[in-house]
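Enquirer: Mind having a look at this structure? Questions to follow.
None of the figures in this text is laboratory data; all of them are computed from the coordinates on show. Every value quoted in this text rests on a predicted model; they were computed, and no experiment measured them. Counting neighbours? That spans all protein chains shown, and the Cβs are built from the backbone with ideal geometry, glycine included.
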Amino acid sequence: MKKILLIEDEEAIRRVLKRIIEQLDKEYVVEEAADGVEGMEKIKKNDFDLVLCDIKMPKKDGIEVLEETKKIKPEIPFLMISGHGDLETAVETMRKGAFDYISKPPDLNRLMTSVRNALERKELITENIQLKKKVSKKYEMIGDSPKMQEIKEIIEKVAPTDARVLITGDNGTGKELVAHWIHQKSKRSKGPMVEVNCAAIPSELIESELFGHIKGSFTGAYKDKKGKFEQANGGTLFLDEVGDMSLSAQAKVLRALQENKINRVGSDKSIKVDVRIIAATNKDLKKEIQEGRFREDLYHRLAVILIKVPSLDERKEDIPALVEYFAKKIVEEQSMPPKKFTKDAYTELQKFNWSGNIRELRNVVERLIILGGKEITGKDVKAFAGK
C-alpha cells in the first residue's frame with residue numbers, strides 16, 4: 001500500500017482529490033489534513049510515501065510544511081498545489097525540494113502523472129538507502145581497541161572534508177575498509193567510489209586505466225574509453241597499492257591533482273574532474289622516495305592526512321569480536337547451523353602471531369567452523385588452526 005497525505009484547507013477540493021487518487025490505483029490510501037499544523041503532526045507520527053500540499057493555508061503554509069519535513073524526513077516527495085500559481089512561487093518550492101508544482105484547478109492527467117512519478121522516485125530512494133546499508137555492513141570496521149577507536153575518531157574528522165588521505169599498513173589489515181568508511185561518511189557518499197589496484201595493472205596499461213584513451217591511440221584501442229578519474233567524477237577514487245605505480249603514471253597523477261584536469265591517452269584535450277583521492281600502500285613510501293621509485297612531490301600531495309592501520313598483533317583484544325563477526329557470516333554463507341566459540345578458544349587464538357592479519361584470521365575461523373564440533377573450544381583451535 002502507498003500512503004499519501006493530502007494537506008488542503010478546502011474540504012471540497014480535499015474530498016475530490018482523495019477520491020480521484022484512490023480510484024487511480026487500489027494500492028493508494030489517502031489520509032487528509034485540514035491545515036499545515038495538522039499535516040506536520042501526521043508527518044511526524046507516520047511514514048508517508050508522498051505528500052500533496054496546498055501552499056496558501058491558515059496556521060502554517062505549505063512552504064513551511066515543506067521546509068520542516070525536509071529537515072526530518074527528506075526522502076518524502078512533495079507535490080505542491082496552489083490556486084495562486086505563478087512562476088516565482090513554483091521556482092521557490094522546487095528550490096526548497098518539492099518534486100513538482102501544480103496550479104489549481106489541477107490538470108488531472110498531469111496530477112496523476114506526477115503522483116506516479118513521485119512514488120516511483122520514493123521507491124528508488126528507499127532502495128538506495130537499503131543498498132547503502134548493505135554496503136555499510138560489507139565494509140564494517142570491527143573492534144573497539146584503543147588503536148581502532150583512534151582510527152574511527154580520525155575518520156569522523158576527516159570524512160566530511162575533501163582532504164586527501166594516505167592509508168598505510170601491512171597486507172590484510174583492512175586498509176580498504178578505512179577507505180570505504182571515509183567515502184561513506186563523506187559529502188561525496190552519493191557519488192561513485194572507484195577502486196584501482198595499481199599493483200594488479202601492467203605498467204604499460206596503468207595510464208589508460210586511470211585516464212582513459214581515445215580510439216587508435218595504441219594497438220587494441222578500438223574505441224574511446226573513460227578512465228577511472230572520469231568514472232569517479234563527483235565521488236572518490238581509491239588508489240590501492242599506490243606504491244606500485246610507475247613513475248610515468250605518477251607524474252600524470254600529480255598533474256591531475258594539481259590542475260583537477262586529465263588528458264586521455266592519445267588526446268590533447270583536457271577534461272575537468274572533481275575527484276577526492278584516497279590512496280593506500282603496504283610499502284614505506286619514504287624509503288621508496290630515497291631509492292628513486294616514488295615521487296616526493298606526489299607523496300606530499302597524497303599524504304595530507306596519514307592513517308596507519310594497525311596489524312592484528314597490535315590489537316589482539318579485538319580478536320573475539322572479529323571471530324564472532326566472521327563466524328556469523330561464514331555459517332550464513334555455508335548454510336550451516338550457528339557455532340559458538342568458547343572463552344578458551346579466544347584465549348588460544350590471542351596467543352598466535354598473525355602475520356597474515358585479519359585475512360588470515362578469517363581463514364582460520366572458516367577452517368574451525370568446518371572442522372570443529374558444535375562448540376569451538378581451545379582444543380579445536382590447537383588441533384585445526386594450523387599455527
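Enquirer: Could you tell me which residue out of Q250, L177, F218 lies farthest along the dipole of the stretch 139-304 toward its positive end? Charges go on the beta carbon: Lys and Arg +1, Asp and Glu -1, centred on the Cα centre.
Expert: The listed residue farthest towards the positive side: F218.
Enquirer: How far is the Cα center of the stretch 193-217 from the Cα center of the stretch 335-367, in Å?
Expert: Distance between centres, Cα-based: 38 Å.
Enquirer: Towards the positive end of the charge dipole of the stretch 313-384, with charges on Cβ (+1 Lys, Arg; -1 Asp, Glu), say which of L322, G372, N353 has the farthest Cα.
Expert: G372
Enquirer: Quick one: dipole size for the stretch 313-384, taken about the Cα centre, charges +1 on Lys/Arg Cβ and -1 on Asp/Glu Cβ, in debye to the nearest 20. Intermediate results must be reported in sequence, preceding the final value.
Expert: Working: 14 positive and 13 negative charges, 37 e Å.
Approximately 180 debye in magnitude.
Enquirer: Now a separate question. With the radius of gyration and the Kirkwood radius both derived from the Cα set of the stretch 58-124, what is their ratio Rg to Rh?
Expert: Details: Rg = 11.9 Å, Rh = 12.4 Å.
We get a ratio of 0.96 for the stretch 58-124.
Enquirer: I've got another one for you. Debye sum, Cα scatterers, the stretch 313-384, no solvent: what log₁₀ I/I(0) at q = 0.19, 0.24 1/Å?
Expert: For the requested q values the scattering log ratios are -0.68, -1.11.
Enquirer: If I histogram all Cα-Cα distances within the stretch 2-134 using bins 10 Å wide from 0, what percent of pairs lands in each bin?
Expert: Taking every Cα pair in the stretch 2-134, the percentages come to 12, 48, 33, 6, 0.
Enquirer: Using the alpha carbon gyration tensor of the stretch 213-320, what are the three equivalent-ellipsoid semi-axes (square root of 5 times each eigenvalue), largest first, in whole Å?
Expert: Working: eigenvalues 192, 55, 39 Å².
Value: 31, 17, 14 Å, ordered largest first.
Enquirer: Choose one of S145, I125, G97: the residue whose Cα lies farthest towards the positive end of the charge dipole of the stretch 97-215 (beta-carbon charges +1 Lys, Arg; -1 Asp, Glu; about the Cα centre).
Expert: G97
Enquirer: Roughly how many debye, to the nearest 20, is the charge dipole of the stretch 266-387 about its Cα centre, given +1 on each Lys and Arg Cβ, -1 on each Asp and Glu Cβ, and no other charges? Before the final figure, lay out each step's value.
Expert: Working: 25 positive and 20 negative charges, 16 e Å.
Roughly 80 debye, rounded to the nearest 20.
Enquirer: Same structure, new question: Using a simple charge model, +1 on the beta-carbon of Lys and Arg, -1 on the beta-carbon of Asp and Glu, nothing else, what dipole does the chain show about its Cα centre, in debye to the nearest 20?
Expert: On the way: 71 positive and 66 negative charges, 174 e Å.
I would put it at about 840 debye.
Enquirer: Fewest to most neighbouring Cβ within 10 Å: what's the order for Y299, Y139?
Expert: Details: Y299 19, Y139 16.
By the 10 Å Cβ count, ascending, the order reads Y139, Y299.
Enquirer: Taking only DSSP H segments of four or more residues, each worth -39500 (n - 2.57), what value at 222 nm results for the chain once the sum is divided by all its residues, to the nearest 500 deg cm²/dmol?
Expert: Details: 16 runs with 183 residues, N = 387.
Theoretical 222 nm ellipticity from helices: -14500 deg cm²/dmol.
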